[in-house]
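Just below is one structure, and these are the notes that go with it.
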Amino acid sequence: MSVQKVTVLISGNGSNLQALIDANRSGHLNIDINHVISNRADAAGLDRARIAGISCSILDHTNFNRLEEFDRALAVLIGAQNPDLVILAGFMRILGSQVLEKFSGRMINLHPSLLPLYRGTNTYSRAIEAGDLQHGASMHFVTAELDGGPVISQVRIPVEKDDDAETLAARLSPREHDLVVSTVELFSSFSVQCKTGKIWVDGKAISCPLQLQTDNSFVIDKTTV
Ligand code: GRF
């Protein structure tokens, strides 16, 4: 089944949400961003959603004493709009079993590293300190393992000699936007599934994450999509 209804979870700026809104507006994507949920009331991404006329909710994690209670409320809130796909785009909370189980196989996360390298935070400085020649971003299915679910797609950029975390992040950001849009496009054009720890595109297992090309296409089995 191809994806139509998409819910986006954010915690901050929401530039990746904006990339999806813009791609939808320009006709590049044809999805219904049916709900934006933020765990922070001051997230700038909420204004981006409001301006685009998308329904928004704030679920402030600090109002809950226990992770399970936040998790239960979040599962209900997401489920109310019955999305085909849930995108974590800069959503800075760890999810518990209620959300993970309910949305297993239809929740994906954007992470700023070439997974399995550098799960967690400070990925840019870790890549620079390690002397990596490339850095990038990945989109993966969300599982109980933090940043550890099967990786669907990646984008790579070179690390320049004089890069610091800030310049590397700034150069990666527009390519992250391209990755999010192209990955959602993939979900709306093909059946993308996560089964037996692998990614299946239209019933075929892919052997490694799809790499975003400079023209924002992916190559699957020598076919450009
Ligand atoms: C992105 O860099 C993403 O990789 C990370 O958080 C950032 C979110 O940016 N997980 P924005 O809120 O979409 O601008």
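The values are calculated or read from the model by the stated rules, or taken from the named source; none is laboratory data. Keep in mind it's a predicted model, so treat the numbers as computed, not measured. Cβ: placed from backbone, ideal geometry, glycine included. Neighbour counts: every protein chain shown. Heavy atoms of the whole protein, side chains included, go into the accessibility calculation; ligands, DNA and RNA do not. Shrake-Rupley method; radii C 1.70, N 1.55, O 1.52, S 1.80 Å.
Of the DSSP beta bridges with both residues in the chain, give the percent that are antiparallel, rounding to the nearest 5.
Here the antiparallel bridges make up roughly 50 percent for the chain.
Quick one: accessible surface of Leu59, probe radius 1.4 Å, all protein chains present, in square angstrom to the nearest 10.
For Leu59, the solvent-accessible surface is approximately 30 Å².
Do you know the relative contact order of the stretch 129-225, to the nearest whole percent, from alpha carbon pairs under 8 angstrom that are 6+ apart?
Rounded, it is 25 percent for the stretch 129-225.
Using square roots of five times the C-alpha gyration tensor eigenvalues, list the equivalent-ellipsoid semi-axes of the stretch 1-62 in whole Å, biggest first.
21, 12, 9
Reachable aspartates and glutamates from Lys5, Cα under 17 Å, same-chain residues fewer than 8 places away excluded?
Candidates past the 8-residue exclusion: Asp22, Asp32, Asp84, Glu185.
For the stretch 1-142, rounded, prolate or oblate, judged on the Cα gyration tensor with a ≥ b ≥ c (square roots of eigenvalues), a/c < 1.5 rounded, else prolate if a/b > b/c?
Since a/c reaches 1.5 but b/c is at least a/b, the shape of the stretch 1-142 is classed as oblate.
Determine the share of the chain's accessible area contributed by carbon and sulfur atoms, expressed in whole percent, with a 1.4 angstrom probe.
So the carbon and sulfur contribution to the accessible surface is 49 percent.
So which lysines pass the test for Lys161, namely a Cα distance under 19 Å, with those fewer than 8 places away in the same chain ruled out?
Partners within reach: none.
For Lys204, go through the aspartates and glutamates and keep the ones whose alpha-carbon is under 16 Å away, minus same-chain ones fewer than eight residues off.
Output for Lys204: Asp221.
Val99: accessible area at probe 1.4 Å, nearest 10 Å²?
0 Å²
Suppose the Debye formula is applied to equal point scatterers at every Cα of the stretch 81-225; what is log10 I(q)/I(0) at q = 0.12, 0.16, 0.18 Å⁻¹?
With no solvent term, the Cα-only Debye profile gives -0.48, -0.85, -1.06.
Please check the chain for the longest run free of trypsin sites (Lys or Arg not before Pro) that are loop-located per DSSP (anything but H, G, I, E, B) and have at most 10 other Cβ atoms within 10 Å.
Result, exposed sites excluded: 67-160.
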